[in-house]
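The structure under discussion appears below in the form of structure tokens.
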Amino acid sequence: MHELSRDDARRIAVRAQLLDAQRPGDVVEVAEQLAAIKIDPTAVITTSEKAIPWARIGWAYETGQLKKAVEDDRLLFEYDGHFRPVSLMPALVARMRRRVFRAQASEWLAANARFRSDVLARLRAEGPLLAAQIPDTSQVAHKNEAGWYGSNQVPRMLELLSYLGEVGIVRREGRQRVWDIGDRVYPASLPELSDEEATRLLEERRLQAAGIARQKSSWTPVGMAGEAATVEGSAWKWRVDPAAVAALDDDPGGRVAILNPYDPILFDRPRLSELFSFDYVLEQFKPASQRRYGYFAHPILIGDRFVGQLDAALDKKKENLVVAAIHEMSPFDDDDVEMVHAEIRDLGDWLGVPVVGLS
């Protein structure tokens, strides 16, 4: 049983997320450690798949690295809205092949058996293809209460088949995904894992990425991976990566990080509150009158403390990074101001635009 101070628990979490002073070398190293890089089209400053590597690598990161790693080197692949390292492909494919859908999706697939066959046949004969290049031969339309899909049923079919491993994404053309038959995306030479082996590997990798996680959590399910731990002042039962504990004596220190709202360190909201005393709410979907920090405020991390939120955006012509406000969660001292401003200017330089609005 590891007995951790709250400071040590936060240091473990920050270092596991590659947000300490020792920066990783490239986007593949980031993906291997984090297990996933979220893809999202929201680009108030820049998209999450660009912001997440930049927050870790810094100036050395060029966005072309990600495209090369996915399309040329095949070291990363896209699945379920994330870029993932190929080291996780066996576990995820094992999960795909044993996937069981909820009733509504199962019934829709059954009602569209011919459509499913048509999509697979078209990809097998002509793939890779964009969804727009595949005819909609559906028999039954999907009930679209959430509004995520249009009248064309092909994207919905491709999504469901991707969860089964019958199709996969080989690359992107702009924001559009290019699909192919699963057999050409997921090699037959992949090691076959049992459910237990796949679950254990995924839990271990989640804990590696988190450093420390609650033993029973729907946000970061790690099962019995790692070792048991307690955290000073917390009644929770924790699991901790033993390698992260061993590395506490070799601490490179902290730094400033400007974090996209979809950054993985922010994902587990209960853990964020418990360890960091930071109750982050994304106000994107709130009416403007109810926003306190801004439409898409980026949390600011200094060392192991969330100290503020940056309300900033590229202007409409993408010629300036405009800072509307820097909200201080607690008063900044002079060093905090200097470091945060320097990081925002670095972000503007990396984007290739001047920063407007810093005092």
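Each residue of the stretch 73-88 is assigned a 3J(HN,Hα), and the resulting list reads 7, 6, 8, 10, 9, 9, 7, 6, x, 9, 8, 10, x, 5, 4, 8 Hz, derived from the Karplus form 6.51 cos²θ - 1.76 cosθ + 1.60 (θ = phi - 60°), x at Gly and Pro. Between GLN17, GLN65, GLN139, find the one with the highest GNM mean-square fluctuation for the chain; connect C-alpha pairs within less than 10 Å. Its mean-square fluctuation being the largest, the pick is GLN139. Once the Cα-Cα distance is subtracted from the 0.36 nm per residue extended length, the PHE267 to ASP315 segment shows a gain of 14.5 nm. Helical content alone sets the calculated 222 nm signal of the chain at -10000 deg cm²/dmol, taking -39,500 (n - 2.57) per DSSP H segment of four or more residues and averaging over every residue. Positive-end ranking of ALA131, PHE267, LEU202 along the dipole of the chain, with charges on Cβ about the Cα centre, is headed by ALA131. So, counting K/R as plus one and D/E as minus one, what does the shell of residues with Cβ under 12 Å around LEU351 add up to? Local charge sum for LEU351: -1.
Under 5 Å from the amide H of ALA297 lie the amide H atoms of GLU283, each residue being 5 or more positions distant or on a separate chain, with H modelled from the backbone and absent for Pro and chain starts. Result for the chain in a Gaussian network model with C-alpha springs under 10 Å: among PHE285, PHE83, PHE115, the largest mean-square fluctuation is at PHE285. Cα gyration tensor of the stretch 232-280, axes a ≥ b ≥ c as square roots of the eigenvalues: rounded (a/c below 1.5), prolate (a/b > b/c) or oblate? Note, shape of the stretch 232-280 comes out oblate. Take the Cα of ASP349, go 7 Å toward its beta carbon, and the backbone nitrogen atoms of the stretch 41-77 under 12 Å from that spot belong to 59-60. Computed with a 1.4 Å probe over protein heavy atoms only, the accessible area of ARG124 comes to about 130 Å². Taking GLY25, GLY254, GLY308 in turn, the Gaussian network model of the chain (Cα-Cα springs below 10 Å) assigns the largest fluctuation to GLY25.
The values are calculated or read from the model by the stated rules, or taken from the named source; none is laboratory data. Because the structure is a prediction, the values reported are computed rather than measured. Neighbour counts run over all protein chains shown; Cβ positions are idealised from the backbone, glycine included. When the accessible area is computed, the model is the full protein with side chains, heavy atoms only, and any ligands, DNA or RNA have been set aside. Shrake-Rupley method; radii C 1.70, N 1.55, O 1.52, S 1.80 Å.
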